[in-house]
Amino acid sequence: MVYFLQIYCSHYGPKARPVAYGLLGEDYIIEREAEDPAEDWIAPLNRALESLPIQNTLYLFHGQFETRILWPYLTKKARERLEVAADLFDEIKKRTAIASLASYRLANLALQGGFEGSVCVGENFPRFFKEAGPNDLVEQIKGNLNAMAAAEKYLSRLKDRLRRADLEIDGFSLHPFQITGKTDSAMDRYVQYDDLLYVEKAGRFTLDAPAKILPYDAERRALVLESDMLIEQSVPAPEGYLIFSLENIVYYDTLLSFIHELRNKSR
C-alpha cells in the first residue's frame, strides 16, 4: 500500500508554522491548526506515522521546507518514519533527466496520471488557507492528495519502462552521463570496457559512459554513445553508435539492452 502526505505552512520564510496536513492511505486523515493552543492537532498524524509499516512507501512532494517546519511537533518514532519517506518530485525528475518534462509542478505530473482536478500547494496555499472555509479546505486537501496519487501512477509507468528482468534503472544524470539503478542479482560486477565503467555491488549499479548530444539530422539532436556493441535500435543509427534518445523520445529498450550486454562481459 502507498501513502501520501501533504504538509502546509502559514507562509514560506522565517517563523513559519504548520497550519494543516493531509495523509492518504486506506482513508484520508486531514487536520488543520486548532484554535485552542492546548489541543494537540498533530497527534493523529503522529499516531499514523508511528503505526505505518516500513514496507509501505510514504511519499511527500517537494516537501523539504514543510517537513523541517513540522519536525519539532513530531514524536521520535514519527520522525524516524518520515526520514525514510520518498519524494515524488525527486523520484520522477531523476528518471526523466534525459528528456526533461515541460513542468514538474504537481498539477502537471498529476495530469500524466489522469487527474484533472484543482491543485493548490506550496506558495499558493497560504492565501487559500486564510480565505477558505472548513469544508473547502478539506476538499482541496483531498484533491491535492489525489493529485499525488495520480503522479505516483505516472511514476509507476516510468518504473515499468525502466525495468527488465532483474534490473531497474532509477536515475540518470547528463553532465557527466551516468545511469544508476538496482538489481536483484546477488553477484557483484565490475566491467571496464573502452571508456565505460560499470559497477554493480550490494544490489545497486552505476554506469559511467561518455555519451554526448550530437545532431541527428538538420532538425533533431540525439543522445549518442560511440560503441561497437551490436544492439537492435529503435531508429536508424550510424555504424558504431548507439542512440539513447532523440529529442524528447528516450529509447529505454536500447539503454536496458546495452546494460545487460555490459553485465554479460563480467562473466
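The values are calculated or read from the model by the stated rules, or taken from the named source; none is laboratory data. All values derive from a computational prediction rather than experimental measurement. Every residue, glycine as well, gets a Cβ built from its backbone with ideal geometry; the counts of neighbours run over all protein chains shown. Ligands, DNA and RNA are stripped out before the accessible areas are found, and what is left, the full protein with its side chains, is counted by its heavy atoms. Shrake-Rupley method; radii C 1.70, N 1.55, O 1.52, S 1.80 Å.
Below is a table of values for the structure above.
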quantity	calculated
Total residues in segment 91-102, condition hydroxyl-bearing (Ser, Thr, Tyr), within 14 Å of TYR154 (Cα to Cα) and open to solvent by 20 Å² or more (accessible area, probe 1.4 Å)	0
Tally, over segment 29-69, of residues that are exposed (fewer than 14 other Cβ atoms within 10 Å of the Cβ) and in a strand (DSSP E or B)	0
In segment 103-116, the residues that are under 13 Å from ALA149 (Cα atoms), open to solvent by 50 Å² or more (accessible area, probe 1.4 Å) and not in a helix (DSSP H, G or I)	GLY114, GLU116
Tally of residues being closer than 16 Å to GLY181 by Cβ and not in a helix (DSSP H, G or I) across segment 73-100	4
Filter result for ALA78 (of a type in the set (A, V, I, L, M, F, W, C), closer than 19 Å to VAL2 by Cβ and out of contact with any strand residue (DSSP E or B) (no Cβ under 8 Å at 6 or more places or on another chain))	yes
Neighbours by Cβ (under 9 Å, 6+ apart or cross-chain): first from segment 37-63, within 23 Å of LEU106 (Cβ to Cβ); second assigned to a loop (DSSP other than H, G, I, E, B) and among the acidic types (Asp, Glu)	none
Residue match in segment 72-86 (condition: open to solvent by less than 40 Å² (accessible area, probe 1.4 Å) and modelled with pLDDT under 95)	no
Segment 252-267 residues that are farther than 12 Å from LEU167 by Cα, paired with ones that are of a type in the set (S, T, N, Q) (beta carbon under 6 Å, 6 or more apart)	THR254/GLN233
Qualifying residues in segment 1-28 (those that are of a type in the set (Val, Ile, Thr) and touching a strand residue (DSSP E or B) at 6+ places or on another chain (Cβ under 6 Å)) - the one surrounded by the fewest Cβ atoms within 10 Å (Cβ to Cβ)	VAL19
Residue check for SER173: over 25 Å from PRO18 (Cβ atoms) and of a type in the set (Ser, Thr, Tyr)	yes
Members of segment 69-81 that are without any contact (Cβ under 8 Å) to a residue 60 or more places away in the chain and under 26 Å from GLY13 (Cβ atoms)	TRP71, PRO72, TYR73, LEU74, ALA78, ARG79
Failed criterion for ALA20 (all others in (1) out of contact with any Phe, Trp or Tyr (no Cβ under 6 Å at 6 or more places or on another chain); (2) touching a residue at least 40 places away in the same chain (Cβ under 8 Å); (3) hydrophobic (A, V, I, L, M, F, W, C) hold)	(1)
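Per-residue answers, yes or no, for (1) open to solvent by 80 Å² or more (accessible area, probe 1.4 Å); (2) within 21 Å of LEU101 (Cα to Cα):
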| site | (1), (2) |
| --- | --- |
| TYR193 | no, no |
| TYR198 | no, no |
| ALA209 | no, no |
| ALA218 | yes, no |
| LEU230 | yes, no |
| ALA237 | no, no |
| PHE244 | no, yes |
| TYR251 | no, yes |
